[in-house]
Structures are given as C-alpha cells and as structure tokens.
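The values are calculated or read from the model by the stated rules, or taken from the named source; none is laboratory data. Note that the structure is a prediction, hence the values are computed from the model and not measured. Accessible surface is based on the protein model in full, side chains and every heavy atom, while ligands, DNA and RNA are left aside. Shrake-Rupley method; radii C 1.70, N 1.55, O 1.52, S 1.80 Å.
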Amino acid sequence: MSERTHNEGFEIWNDKTGERDHLKEMFGTFFKKFDPKNMSFVRVYDLQYDTSCYDNDRYGFCFNGNKQGLKITIDPNGLVKEYIGLILHIDCEVNREGLQEFFERYGGGIDTINDQVEMIDRMNLYNFKYEVMDPKEILKRFPKISMVID
C-alpha cells in the first residue's frame, strides 16, 4: 500500500464495548487539537469479516502455554459491526483502501481472546460501508472530545 492511501485509526466507540474511557487521555497525549486537514471522524459499519480461517488452530492464532483441549472459533456475529473513530489520513484522504487495511489489522475488534490465545494474522474484511462524520455530530454524541475540537 502506498503512503497516499494509508489511514490509521483511534477508536471512540464500537457496538460491542461502547464508548472508550481512555478517549480524553488519548487525545491529550497524541493531539493538541483536531486538524481537519489530516484527521476525520469516521463511522464504519456493516463490517463483514471472513472468519473461515479462524477455526481451532488451523492458523491465525498464537497459543501462549498449553493448548491441549483448547478449541477456538470466531463467531462472525460476535465481531464489531459498527465503529466510530478518529482516522488519521496525513498526505491523503479517508479512502476505502486505507480503511480496509486498518480494519483488517483491527481484526473485528479481537485483540486477545483469553489469556492463552492471541490473534496473529490479519482477518480479511470483504465488505464494509463508511461515512465521514461532521465533528459537530461527534461532539453531541461524545462530549468528552470537546477538548480537541474548536
């Protein structure tokens, strides 16, 4: 992927876990203020991942410790279907290719399944929709970020 398509994201909310408590600290650490030239608030929805390769240990998992009797499958219905976040798009715009690369690494919202299992491969994302959101709408929904938006 070229730099011209690279998008990187910071999650504000998803439909499985709700609003992130670390939001205010994250903005305070990384950003002084919202820059619409390089950042956009984006809603990504109808995320559809291919989970066919994440069945037991065919591949896609790293096992820490004894995996005897450990059975793993990923239920597509248990993955994040809607995400709202701050997308960084320095030197480009928010675009489908960049979002797809980011969300494949995001892996449907699965970072660690339990203490013994971590997802190590990207999860293929075969379809999604997205919209760039008006910062005023974001402020209404997530008042905590008022510190970074004028």
Solvent-accessible ranking of HIS6, HIS89, largest area first, probe 1.4 Å: HIS6, HIS89
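Past 26 Å, Cα to Cα, is the threshold; run LYS37/LYS140; LYS71/LYS129; LYS16/LYS37; LYS67/LYS129 against it and keep the listed order. Kindly include the intermediate steps, with their values, before the conclusion.
Details: LYS37/LYS140 21 Å; LYS71/LYS129 32 Å; LYS16/LYS37 30 Å; LYS67/LYS129 37 Å.
In this structure, LYS71/LYS129; LYS16/LYS37; LYS67/LYS129 lie more than 26 Å apart at Cα.
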Carbon plus sulfur fraction of accessible area for the range 81-125, probe 1.4 Å, in percent: 43 percent
The range 94-138 shape via C-alpha gyration tensor axes, a/c threshold 1.5: oblate
